Each structure stands twice: as C-alpha cells, then as structure tokens.
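Presented below is the structure to which this report refers.
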Amino acid sequence: MGATFFERKLRSLLASASITVDGPDPWDIRVLDPRFYRRVLTESHLGIGESYMDGWWECDALDEFFYRVLRSKLDKKVSGVNRFLSNVLGFLVNLQHPSRAFRVGETHYNIGNDLYEAMLDRHMLYSCAYWKDAGDLDTAQENKLRLIFNKLRLEPGMEVLDIGCGWGGAARFAAKHYGVTVTGVTVSSEQAKKAGELRDGLPVDIRLTDYRDIRGAYDRIYSIGMFEHVGVKNYRRFFEITHDCLKDDGLFLLHTIGSRRSSANTDRWTHKYIFPNSMLPSARQICAGSEGLHVIEDWHAFGNDYYRTLMAWHENFERHWPELRHAYDERFYRMWRYYLLSAAGSFRARNVQLWQVLFSNEGITGEYYVTRESSQILKGNKRN
C-alpha cells in the first residue's frame with residue numbers, strides 16, 4: 001500500500017527542516033505506527049506529544065528534533081486553527097481565576113518530591129540557571145541566585161517577599177548568605193511542606209497561599225519562574241500587588257520565561273499534561289501590565305541558559321530513573337522525557353525566551369548600574 005496523503009504531507013514538511021523518517025541522524029524519527037501522520041497533522045502539538053507518549057514514534061535526540069522543527073517554523077504550518085481557538089478562550093475566560101489558583105500546584109508540583117529531588121540541583125531550584133562561568137548545575141543555580149540578589153542589592157535586615165517560592169531554596173540562600181528575612185508563598189502543598197522541613201532555623205516563613213492574598217510592605221520582592229502561571233487577564237492585578245507591597249525605595253525582580261509574541265494560551269499538550277492554564281507573557285504584555293505602577297530599571301535576556309538547564313535536568317532524570325520507576329510508569333517516563341527535551345529544543349531555537357526584569361516603584365535616583373555579576377556576593381552585602 002502506498003503512502004497516504006498525511007504521510008506524504010508530513011514527510012515533506014519534515015524534510016524542509018532536514019528531518020528524515022528512518023534517516024541516519026540522531027534528530028531523525030522512526031515511525032512505529034502509521035496513524036502518527038494523521039494524528040500530528042490533525043491535532044498538532046497535542047497529537048505529536050500524545051503519540052510519543054503512546055510509543056508511536058521514536059527519536060534519539062528529541063531536543064535536536066524540536067530545535068529543527070521550531071527553527072524552521074513547522075509548528076506554525078500545522079497548528080493554526082488550534083492556536084486561534086485557544087487564544088480566543090484565553091482572552092474570554094480567566095483561566096487563572098482564584099478558584100483555579102491551586103490546580104497547577106496539585107497537577108504538577110505535587111507529583112512527588114522524590115522526582116524533583118532527583119532531577120534538580122541541591123537547592124531544588126526549578127527555574128533557569130545562569131551558566132556564565134559555571135560548569136555544573138549546582139554552580140549555575142547558585143550563580144542565578146547571586147545574580148538576582150546582587151541586582152536587588154540585598155542588605156542584612158531587609159524584609160523580602162518571594163512570590164512562588166517553590167521548595168524554598170532561594171529564600172534559604174537569601175536568608176543565609178545575605179542576612180535577610182524572607183516570606184515565601186506557593187500554591188503547592190508539597191512544596192510548602194518540604195520548604196518548611198528544610199528551613200534549618202533560618203528566618204524564612206513559607207505560606208500556602210495565592211499571590212492575590214499577599215499583604216504587607218517589603219524592602220525587596222522577587223518572583224522566580226511563577227509569572228508563567230499568572231495569565232494575561234491577571235497581569236495588571238499581579239503588578240498592582242507587587243507595587244502595593246513594595247516600599248517606596250524598594251526593588252522588585254521578575255524572572256520569567258517569555259514569548260516572542262503576545263497570546264493568551266499555551267499549547268494543548270503542555271496545558272493537559274504539564275502546566276494547566278499556563279501562559280507565557282510577551283514583552284509587550286509585561287510592559288502594559290506594569291505601566292504606571294513600576295519603572296523598568298533593567299531587562300536581561302539569557303534564554304539559551306535554559307536549554308543547558310533543561311538538558312542537565314534531563315541527564316539527572318535519566319540517571320535516576322531506575323530508582324524512580326517503581327513510583328512512575330513507562331508512559332510517565334515518556335511524557336517527562338518529551339517535556340524536558342521539547343522545551344530544551346524550544347529554548348535553543350529561541351522560540352521562547354528567559355528574562356529577568358528589574359523594577360522600582362518611583363525610579364532609582366542618581367547613578368546606578370545594574371550588575372551582571374554572579375560569581376560572588378557584592379561588596380557591602382553579608383557573606384557567610
């Protein structure tokens with residue numbers, strides 16, 4: 001039987017990205033079930049992800065495969081209708097309404113602390129590391145923390161707010177090395193429990209709460225890898241809260257994945273299996289949301305560092321899989337592998353970005369230079 005219309009069409013599209021079915025290169029794919037072709041062309045992101053989870057196709061280097069797919073914009077050629085409908089839904093419905101605030105914590109961050117302990121660095125930081133002058137994940141993640149806290153110019157005695165604190169690694173680092181007191185909030189009960197266990201007597205308070213319920217006045221605020229869950233209909237409210245909680249002479253740093261274009265959705269596979277109701281902000285959306293509330297003091301982009309971070313997480317995941325497989329089935333393994341490596345390819349293709357944006361409320365007066373230094377704690381800050 002000859003090739004179907006769907007097979008011919010998809011093979012042609014893949015060839016334009018230098019990807020061959022049953023080819024010799026590690027980014028080429030092997031199709032194990034012919035239903036794959038129709039599923040990808042009719043269901044786009046959801047179809048290619050679920051068909052991989054179902055074992056319908058294989059690829060030795062998924063990150064390389066997705067780098068080529070996204071760099072050649074093949075995803076745009078097969079996802080137009082689905083993307084349009086998802087955008088309409090995102091603009092009409094508040095997918096991140098307070099009633100849905102804890103869903104991502106329950107779905108993703110509560111999967112199991114054993115998984116994240118195996119995959120992440122020793123501080124359990126689940127966000128992009130800073131690989132300048134770093135040769136391993138632990139060093140790169142500590143570099144990221146120093147970069148953030150040096151930009152914020154933390155000083156002993158400051159009251160600091162961590163919005164989306166995860167397992168508390170950043171909060172503990174700030175308290176230990178900079179002499180500050182940190183309040184952290186998360187929507188994951190497992191993160192809150194683990195973070196509480198790891199406090200080790202440090203002045204760190206972890207709260208299980210939605211960001212919209214935050215009150216108080218803080219010298220410094222930071223949010224690392226949480227803004228992706230806020231949503232376009234809530235950006236203004238988020239920045240109103242950071243403005244109201246930041247003291248007049250304070251600084252706020254936002255560390256977030258960013259999109260090259262404004263939208264109101266994520267792809268259907270990511271929404272269904274990884275981050276429900278997530279949404280990547282564009283630069284325009286961040287600027288519009290913060291306009292009149294904050295002054296932008298600095299905008300730092302280092303998206304390729306997330307490619308290296310994801311590849312390090314994948315390496316850890318694969319190495320520890322024999323210890324994890326008793327708690328997770330084979331379909332989960334394929335889902336998680338697909339998630340990490342497709343995201344890595346996306347960052348390498350610069351399809352998505354990584355930004356650190358530094359804000360003040362009234363604008364910094366006088367001469368001020370925002371550091372890119374991460375190898376040490378800046379002079380004048382407490383060092384342990």
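The values are calculated or read from the model by the stated rules, or taken from the named source; none is laboratory data. On a predicted model such as this, the values are computed, not experimentally measured, just so you know. Because the Cβ atoms are built from the backbone with ideal geometry, glycine has one as well, and the counts that use them run over all protein chains shown.
For this structure, a couple of remarks:
- Hits in region 45-87 - residues which are charged (D, E, K, R) and either assigned to a helix (DSSP H, G or I) or at pLDDT 95 or above (or both): 50, 54, 58, 60, 63, 64, 68, 71, 75, 76, 77, 83
- When residues of region 270-317 are limited to those that are of a type in the set (Asp, Glu) and without any contact (Cβ under 8 Å) to a residue 12 or more places away in the chain, the one nearest to residue 234 (Cα to Cα): 291
- Taken over region 205-222, the criterion of being touching a Leu at 6+ places or on another chain (Cβ under 9 Å) and under 14 Å from residue 173 (Cα atoms) is satisfied by 222 alone.
- Here region 221-250 is the region considered, the condition is being among the small types (Gly, Ala, Ser) and modelled with pLDDT of 95 or more, and the residue that is surrounded by the fewest Cβ atoms within 10 Å (Cβ to Cβ) is 225.
- Any chance residue 299 is at pLDDT 95 or above, closer than 21 Å to residue 368 by Cα and among the aromatic types (Phe, Trp, Tyr): yes
- Filtered residues of region 177-206 (kept if surrounded by fewer than 22 Cβ atoms within 10 Å (Cβ to Cβ), modelled with pLDDT under 95 and outside any loop (DSSP other than H, G, I, E, B)): 189, 190, 193, 194, 196, 197
- Taken as a whole, the structure leaves residue 90 outside the set of residues that are more than 18 Å from residue 313 (Cβ to Cβ), at pLDDT below 95, assigned by TED's automatic domain parsing to the domain that holds residue 235 and in a helix (DSSP H, G or I).
- Qualifying positions in region 325-336 - out of contact with any helix residue (DSSP H, G or I) (no Cβ under 6 Å at 6 or more places or on another chain), over 27 Å from residue 356 (Cα atoms), assigned to a helix (DSSP H, G or I) and not hydroxyl-bearing (Ser, Thr, Tyr): 330, 332
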